[in-house]
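Contents: one structure, followed by commentary.
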């Protein structure tokens, strides 16, 4: 899993350098999206058809996935980047999809403990 502290931070508050926006086409092409896709598929499989082996795998991975999510959403430097873009969203002339993604990402950080 990627370490959230190793993220490279750009000096300017522009969208590409401050917040890696997701679009329908790019959302699934980022390296971290492989983990997202695996989690989604695994959760679907274990919800529809479970057995002792799958339950053990869930019990083993759950704390690791929670720690990974915490490392992202509780990262002060990363939140500062997200917040900077969120606070400037009106002046960035974003299309509706990008605006919604900025607002969504900010809300996720706030709900995640920021």
| Taking the highest mean first, how do the peptides 65-72, 99-106 order by number of other beta carbon atoms within 10 angstrom per residue? | 99-106, 65-72
| Dividing the Cα convex hull volume of the stretch 26-73 by residue count, how many Å³ per residue is that? | 78 Å³
| message | Just to verify a number: FRET efficiency for residue 62 and residue 103, C-beta to C-beta distance, R0 = 30 Å, to 0.05? | response | 0.55
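Computed from the coordinates by the stated procedures, all read-outs in this text should not be read as laboratory data. Computed from a predicted model, the values in this text were never measured in an experiment. Virtual Cβ from ideal backbone geometry, glycine too; neighbours counted across all protein chains shown.
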